[in-house]
Every structure is written in C-alpha cells, then in structure tokens.
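The values are calculated or read from the model by the stated rules, or taken from the named source; none is laboratory data. No experiment lies behind these values; they were computed from the predicted model shown. Note: ideal-geometry Cβ built from the backbone for every residue, glycine included; neighbour counts use all protein chains shown. In case anyone asks, the SASA skips ligands and DNA or RNA and just uses the protein heavy atoms, side chains included. Shrake-Rupley method; radii C 1.70, N 1.55, O 1.52, S 1.80 Å.
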Amino acid sequence: MTLRPRAVLGIDAAWTLTQPSGVALAVETKDGWQMVAAEPSYDHFLVLADRSINLGTRPSGSAPEAAQLVRAAEEFTGSRVILIAIDMPLSRLPITSRRTADNEVSRAYGAQKCSTHSPSTTRPGTISDDLRAGFETAGFPLRTTQIQEPGLIEVYPHPALVELTASSERLPYKFSKIRTYWKEFSPSERKEQLVAVWAEIANALDEHVPGSKDQMAVVHPSSAGFELKATEDCLDAMVCAWVAIQALNGMCKPFGDEDAAIWIPCRI
C-alpha cells in the first residue's frame, strides 16, 4: 500500500475573530517540498475543496475550524497533513501573561528587533485555547520539546525570516508599519519598497519550497489596502509552512518549556 504524500499547513492566525488569517499548504513530492496554496483567510482556504462557499469582496475574519482546515487540505491535494505551524501563542496552560517561550525568544533575538508580543488573557485569549483544543481533537497535539507526527507547533515569522535571509535584523515587511520603515518616502514609494521586500522574501522561500513565488498575488502601489494586507498574510502563512518543513527536517530549535514553545529554524 502506497502512503499518501505528506503535507504541512502554515497559519498566520489573527488574534481577533474580526481579522482574517492566512493559510498556506505545502506538499512533499518526489522532487521535494512544493508550496501549492496560500490563501488570505480560512474561508478562502476552505473554498479550495468546497466551491459552494460564498466569498465576499475581501478576506474576512472567522472562527477557525481545525478539522475543516485539515480536511480541505487533504481533499485539495490527496495528501495527509502531518504538521501544522501556527503564528500565535499556544500553550497547554491558560495564557495570562508572557511565557518562558516569549522571554527566551526575546533574549535570543531582541538585538535583531524580533522580541515577541506580550500575550494576555484577552489577546489571543480563548482564540488560542480553542485553536489548540480544536487541532488536538483533530489529532494534532501541541509539540513543545520534540517533533512528532502528527502535531501542532507554534512559530514566529520575524526570527524565522532573519534566519532564512541571514539578515542582521527584523525585515521591514509589515503593511501597517510602512510609515515607520520609510519615513522620507511618499505613500506610493513606501508601497513600492514594501512590495519589493515581499518579492525578496518570496524568492528566498522559493529556493527552499518551490512554488512559493507562484502563490504570491500580483500587487502594486495602487492596490487597495486590504489587497496588500491579504498578500502579507499569505506570505506569513508560507513562512509558517516553511518552518514546519524545517522542523520535520530537524532544523528547528524550540524556545520555551514543556507547556509552550516557539520553534525557530537554525541558521541555514
């Protein structure tokens, strides 16, 4: 009996239900891993396997349904999802404040401007609890000390990108921060710079996971704000998927403890 190809999911999970969450899917082939999908919301991803879903004019937030996401990935590709990497604080214990994982990553990457955000009881709050519990029920328990298949891991794109690109500091790729990145530029010029950074990241990802460039939407300085943000969310999700692949290959280090850990790639 031939096993179905392995697949990983990367999720750039929003900390509120009003904001969309990017989802990316990579599949292992005889030629290596391939990025086969990157969508700007849970609903956009689910429609890959269910065309009856009605999408709005722009990505919207929704509560994630873990089993649905896994099923959509497997139906779309005929693969078996073995690891899910999520950019969101996850823990076996209630998250009320900064965790050991947050402090360890901030110590290791603070000099590169990659300190973590501080989680609380309300952000991400129950969204994190429900997401972790949902994937655990679907057969993907949280992995904090070693990678086992199937599993769920927490990741953090900022230090991951520092490692991917061998950068000296956090990359300027967040749409919401373009005014602080390039203060001397006009709004149009800032967007040009942002799109150029996105292209560099997509090219770097494509060297390790071919197909990454193909999943990037074509955007330009005149694109609507929600289109630019959707592209950023897809890019973050692809970074998460790449980290999942690195973790499977034994090329990630967990920062944290048995209850919560952030997996970051080793310098490649």
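When only residues in the stretch 152-188 that are among the charged types (D, E, K, R) and free of Cβ contacts under 8 Å to residues at least 24 places away in the same chain count, which is farthest from Gly10 (Cα to Cα)? Explain how you work it out, then say what you get.
Keep residues of the stretch 152-188 that are among the charged types (D, E, K, R), which gives 154, 163, 169-170, 174, 177, 179, 183-184.
If we keep only those that are free of Cβ contacts under 8 Å to residues at least 24 places away in the same chain as well, we get 177, 179, 183-184.
Values: Lys177: 23, Arg179: 28, Lys183: 32, Glu184: 35 Å.
Top of the filtered list is Glu184.
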Would you pick out the residues in the stretch 110-144 that are surrounded by 15 or more Cβ atoms within 10 Å (Cβ to Cβ) and among the hydroxyl-bearing types (Ser, Thr, Tyr)? Ser115, Thr116, Ser128, Thr144
Flagged in the stretch 213-223 as surrounded by fewer than 16 Cβ atoms within 10 Å (Cβ to Cβ), among the hydrophobic types (A, V, I, L, M, F, W, C) and in contact (Cβ under 8 Å) with a residue 12 or more places away in the chain, in numbering order, are Ala217
Evaluate the stretch 99-122: report whether one residue or more is in contact with an Asp or Glu (Cβ under 8 Å, 6 or more places away or on another chain), in contact (Cβ under 8 Å) with a residue 60 or more places away in the chain and more than 27 Å from Leu69 (Cα to Cα). yes
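Could you count how many residues in the stretch 50-96 are farther than 22 Å from Glu149 by Cβ and in contact with a Pro (Cβ under 7 Å, 6 or more places away or on another chain)?
We begin by selecting, within the stretch 50-96, every residue farther than 22 Å from Glu149 by Cβ; these are 50-63, 89, 93-96.
Checking the rest, the ones that are also in contact with a Pro (Cβ under 7 Å, 6 or more places away or on another chain) come to 59-61, 89, 95.
So the count comes out to 5.
Pick from Gly56, Gly61: which is within 16 Å of the chain's Cα centre (by Cα), more than 19 Å from Phe140 (Cβ to Cβ) and assigned to a loop (DSSP other than H, G, I, E, B)?
Values: Gly56 fails: within 16 Å of the chain's Cα centre (by Cα).
Of Gly56, Gly61, the one residue that is within 16 Å of the chain's Cα centre (by Cα), more than 19 Å from Phe140 (Cβ to Cβ) and assigned to a loop (DSSP other than H, G, I, E, B) is Gly61.
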Within the set of pairs 6 or more residues apart or between chains, which connect a residue that is more than 14 Å from Val47 (Cα to Cα) inside the stretch 67-81 to a residue that is modelled with pLDDT of 95 or more and in a helix (DSSP H, G or I) with Cβ atoms less than 8 Å apart? Ala67/Gly134; Ala67/Thr137; Ser79/Ala73; Arg80/Glu74; Val81/Val70; Val81/Ala73; Val81/Glu74
Flag for Asp233 being under 23 Å from Pro20 (Cα atoms) and open to solvent by less than 30 Å² (accessible area, probe 1.4 Å): yes
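Yes/no matrix, rows are residues, columns are (1) part of a helix (DSSP H, G or I); (2) modelled with pLDDT under 95; (3) open to solvent by 20 Å² or more (accessible area, probe 1.4 Å):
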position	(1), (2), (3)
Gln146	no, no, yes
His158	yes, no, no
Glu189	yes, yes, yes
Val195	yes, yes, yes
Asn203	yes, no, yes
Gly211	no, no, no
Val239	yes, no, no
Hits in the stretch 241-268 (condition: open to solvent by 10 Å² or more (accessible area, probe 1.4 Å), assigned to a loop (DSSP other than H, G, I, E, B) and aliphatic (A, V, I, L, M)): Met251, Ile268
Identify all residues within the stretch 14-45 that are of a type in the set (A, V, I, L, M, F, W, C), surrounded by fewer than 24 Cβ atoms within 10 Å (Cβ to Cβ) and not in a strand (DSSP E or B); write none if there are none. Ala14, Trp15, Leu17
